[in-house]
Structure formats: structure tokens, C-alpha cells
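FYI, it's all coordinate maths here, none of it is from the lab. Predicted model only: the values in this text are computed from it and were never measured. As a convention, Cβ positions derive from the backbone with ideal geometry for all residues, glycine included, and neighbour counts pool all protein chains shown.
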């Protein structure tokens, strides 16, 4: 039984668990769907935050943009959007199954590509900012986007939009959206696994380690940064479209651009799992989601305090995350080898080491 | 929106009124922003909990002004100063001390967590209602009632001025102030010269919390406080400091006054619900302008 075979069994087990989980635990279908979405959030945040060293607090912008674009496309294909939103969903229009499924597929595709384009446009604005300015700038863009959409009557303003009803039973509906979340998260993982095996990851890591040197080495840093952000935006746009349909009602501040909930969760999940690794965000997302559900259930009222405390403890005391900790503990398992000759040479000449710092 | 614009053109006194209100409120923003410039410049801490310190100071004032204590809000300023100083000192030794030497994002995220904890604890204690501490003062009228200035705003302006002058004096003349300035210039050199930088950091952070507390007292008198208003105050401080730069007290004051005036005008023209959007929009604008200026500098270097 070689390593390759073990890996195949491992991935197959995860896929099977993903498919059969809602059948075994039907009461938790919604929670499981959100869990897959959280994994997607963490994976996409890590493209910039972990691999490239650009800590964005505003990635939620693409989640909300995708949600709104998907909704508008879905409705706009068959009805007048302004008329639909003017009733705040009071007049429920029934979509036929054909209309519904063509609408949602077109909506998701268009949302994904539109979000990638938005990322290119905003990337041009924010990628000149470095360090904390980038974090604050992206946070500002995300908050401003929520406020502006809230003032835009065409898409329902602050009152929001009710989405078309799913044509089918409630059980089917849950399973349908669970599968969408599951597939989008798995696709994101596979895409990133491939991406991180190419030169692209090396370029991103070079930007993280020293942007000026990377530029001097001939890497078009701005191009790489923008493309990396539009990858994140692409998948976030899809997840936004799915989440909007899953909840059935969208509004700008709490659902579409939740800067202080999902927007921070994605950062926290990556930090918890270990940034700059492929599996770290996945593990972090699972642990975080479980902790969050437990505190939301048993610490009602205090859940936010617990969350804030978790952020502080995580950031201050445990920043390397679970994967970082595991890599320190068992380096050989991750293929990190310590060259004995260099290590002993460094130990013998502390003065040189000091100088290199 | 255009109605309001044309109204401003028709009644020139209204412009003056908005400008005065903005400048008087801006003076209070300057206090919190100066605190942020202090911790940012000296310790390189981007404190996202800045606004929540302000709101916290406001709520302590509110509690003291209620029965059974019934303390006048203005008299509570020294108490708040001491309480928030102690609070900042405790916070420094539990959390902030451990993030100073880390990368830039760490302090931002840690203080963001802190902001969530503070605002939620206040929310649990007082509920999400809007509160205000009543100072029981009158409203002055000028030009036959065309311009009104609340006495509370004038008093808070003067108090902000006094506190600002005291802090400036302290930074210039006292031994600790000199140590703080030395540390911000070069922490390592200051350590070699015998400055206990750890103590300087602790003092700076506590002083910042105390200044924010005083700003909170003034905000609770002239305006309203609510558990979740902290983030807007934080963003205001960031806008001011980003546009003024640290260690530039005059710049901080001028941009704070400007921000206050811009907010009043945009609140009048677009409506009060766009207040936060205005502040955030200004932040993005300031960052873009800063970037353009830097890219020009960068070309010179290359």
C-alpha cells in the first residue's frame, strides 16, 4: 500500500463523507452547507492572506457583489427587476422549474465572471496600498459597498429582495443547495491544489517574502496580485450567489456585506488553521464552524464576546495556526528537511547568524 | 438632495451654522485621533478599538450621571481619565505587550477582536438604545435665532482645547514626554540611553485610552452614544491620522476640524443615514490620494 494509494483513499473518503453527510444527518443539512461555504471562504482568503501576504479585510465585497449580481440576473431574465424589487417581495411571482434552473445557472456563471472583473478594477485601486493600509482600505471599500447598495432602489435598497421560490419540496431544496455548496467548495480546493503546484504559487510567495526583490527579479507583481485576487473573487462570487438563494432573502448590511461576521470569520478561520498552507484553511474552517455553532447554541447573548476573545487569543498566542504548529512538531511529515551540515555550521557561528539578521 | 443644495445657496447663514457645528464636533474628533497618532507613531500599533474606548468613556459618564451618583458629566472627566488610564494599563500588560513586536496585521486584528469584546459587553450591559448624558445647559442664539450654538458644544470645544494643550505641554516638558518622543524616534537608541521602553509603551497606550475616555465624555454630552458607534469613531480617527501623518499635531487638528465640517455638510445634503458612508468614502478617498502621492515619490527614487 503505497502513499499514492493512501491519498486516493483519503480523498475518496472525504468525498463520500461530503455526499452522505446530509443523508445521515438530515437535520443539519443547512449547517453542513454553511460549513462547506466556510471552507470556500477560508481557501479563497488564503490565496491573498496566506500565500501572498496581503491581508484583506474586505473580501466579503465579492460575496455580496456575487449575491446581488446573481439575483438580478436570475430575476432579470424573465421579469422586470425594478418592478419585482418595488414590492419588497410582497407579490410572490412563481417561477417555472425551467425558468428557475436556467436563471440560477446563468446567474452563478455571470456572478463569478463579473466578480473577477470587479476584482481587477478594485485591484487597480487598492494594490498600491501596503500592509495595514491595504487591510483598512479593503475594509473601507467593503463597508462603503454595503452602504451604497443599501441606497440603490433598483436592487431593493435597504429593504432587500426576496428570491424566487425553489420549485420543489423543502427536502429537495435543502439537498440541492447543499450539493451546490459542496461542489463549489470541492472545485475551489481542486483548483487551488493545482494552482499551488504551478509557478504561480512561487510568484505569490515571492511577493509575500519581499515584493521589491520579486519585482527586481522580473515578476510582474501587480499583474500577479490582481489575478490572484480575481481568482478569489471568482469563487466568492459563486458562493455569494448560492448563499443568497439558500437563505431566500437578501439585504445589504446583514446578508450580503456582513463585514463583521463572515468578513472576519474568513480571516480567523485561516489564522486558526494556519495560513499559507492548503489544508490549514480547511481544518481551521471546520474547527471554527463547530466552535461557533456550539457557542451560538450554549452561550446565547455572550457568543460575540466569546468570538472576540477567540480572535484575541488566536492572534496573540497561537498565530502560526494548527498547520504551522504541526509543521514545527513533525517537519519530516511535511517534507521539510533540515540540512544537518548547514544547521550545525550556523550553530557554530552565532556571530554570522546575528549579522544576517 | 438637490433641494437641500439649493437651500444652502438661498440661506447663507445655514452654511455658517453647519460649519460652526462641524468645527465644534471636529475638535472632539481631534482628541481621539491624536491618541491614535500617538500609539501608531510610538508603538506602531494600529488600534481598531480606538472608537470603542471613546464609547466606553461615554458610557461610564452616562452611568455616573444617573442616580444614585448624579455626578455632572463635566465633573466626571478626571475620574474617567484615571479609570481609562488604569484600563489601558491593564490592557497593555495582558494583550498589547505581546503584539508590539509582531507584524503589522497582528495588532490590527487583535485590537479588532478587542473592539468586538468591548462593544458586545457594553451592549449586554446597557442594551442597544441610544443614550446621552445631560449636562443641563442652554442654547445660545445669534443674529435673531438664525445661528444657534449649544453651550455644551462650546464648553466641550474649550475642554478639548484644554486637554489638548495639557497633553502637548506634557509631551514637550515632562521627563516621560521626552522619553515617549525619544522612543518614537528610535526605540533601540532610546533603550541604549537608559529609557525603559516597555514602561514608555505601557504609559503611551494608557495615555491614549485616557484621552479617548475624555473624548467619550465630550461625545456623550454633545452627541449620542450607542454600543455599536465605536467602529465609526475608529474609522474617523484613521481618516484623520492617515491624512495628517503622525507627530503632526497641527495637521491632526486641522484634518479633524475639516472632517467634522464635511460630515455636517454631507449629513445635511444627503441625509443623516449616509453619515457612515461619508466617513468610509473619505477614508477610501484619502487612501487613494495618498497612494497617488506615494507613486509620484517612488518614481523619483527609481
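Would you check if there is a residue in the stretch B:153-165 being in contact (Cβ under 8 Å) with a residue 40 or more places away in the chain, closer than 30 Å to residue A:304 by Cα and in a helix (DSSP H, G or I)? For the stretch B:153-165, residues in contact (Cβ under 8 Å) with a residue 40 or more places away in the chain, closer than 30 Å to residue A:304 by Cα and in a helix (DSSP H, G or I): absent. Restricted to the stretch B:259-277, and to residues there that are facing chain A (nearest Cβ under 9 Å) and under 19 Å from residue B:242 (Cβ atoms), the residue that is surrounded by the most Cβ atoms within 10 Å (Cβ to Cβ) is B:277.
For every residue, the table says whether it meets (1) surrounded by fewer than 15 Cβ atoms within 10 Å (Cβ to Cβ); (2) assigned to a helix (DSSP H, G or I); (3) within 14 Å of chain B (Cβ to nearest Cβ); (4) more than 17 Å from the chain's Cα centre (by Cα).
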residue: A:39; (1), (2), (3), (4): no, yes, no, no
residue: A:47; (1), (2), (3), (4): no, yes, no, no
residue: A:65; (1), (2), (3), (4): no, yes, no, no
residue: A:74; (1), (2), (3), (4): no, yes, no, yes
residue: A:83; (1), (2), (3), (4): yes, yes, no, yes
residue: A:105; (1), (2), (3), (4): yes, yes, no, yes
residue: A:122; (1), (2), (3), (4): no, yes, yes, yes
residue: A:137; (1), (2), (3), (4): no, yes, yes, yes
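Scanning for something in contact (Cβ under 8 Å) with a residue 60 or more places away in the chain, within 14 Å of another protein chain (Cβ to nearest Cβ) and in contact with a helix residue (DSSP H, G or I) (Cβ under 7 Å, 6 or more places away or on another chain), does the stretch B:125-141 turn up at least one residue? Yes, some residue in the stretch B:125-141 is in contact (Cβ under 8 Å) with a residue 60 or more places away in the chain, within 14 Å of another protein chain (Cβ to nearest Cβ) and in contact with a helix residue (DSSP H, G or I) (Cβ under 7 Å, 6 or more places away or on another chain). Taking the stretch B:1-88 and the helices (runs of 4 or more DSSP H) fully enclosed by it, the elements with 2 or more residues that are within 20 Å of residue B:238 (Cβ to Cβ) and touching a strand residue (DSSP E or B) at 6+ places or on another chain (Cβ under 6 Å) are at B:50-65. Checked against the criteria, residue B:83 does not count as in contact with a helix residue (DSSP H, G or I) (Cβ under 8 Å, 6 or more places away or on another chain), within 14 Å of chain A (Cβ to nearest Cβ) and within 30 Å of residue A:132 (Cβ to Cβ). For residue A:197, the conditions (1) in a loop (DSSP other than H, G, I, E, B); (2) within 14 Å of chain B (Cβ to nearest Cβ); (3) loosely packed, with under 15 Cβ neighbours inside 10 Å all hold with the exception of (2). Of all residues in the stretch B:93-124, those satisfying the criterion of being touching a residue at least 40 places away in the same chain (Cβ under 8 Å), more than 7 Å from chain A (Cβ to nearest Cβ), assigned to a helix (DSSP H, G or I) and surrounded by fewer than 20 Cβ atoms within 10 Å (Cβ to Cβ) are B:93, B:97, B:123.
Residues that are buried (at least 18 other Cβ atoms within 10 Å of the Cβ), more than 30 Å from residue A:225 (Cα to Cα), away from every other protein chain (no Cβ under 14 Å) and touching a residue at least 24 places away in the same chain (Cβ under 8 Å): does the stretch A:149-158 have at least one? Checking the stretch A:149-158: at least one residue is buried (at least 18 other Cβ atoms within 10 Å of the Cβ), more than 30 Å from residue A:225 (Cα to Cα), away from every other protein chain (no Cβ under 14 Å) and touching a residue at least 24 places away in the same chain (Cβ under 8 Å).
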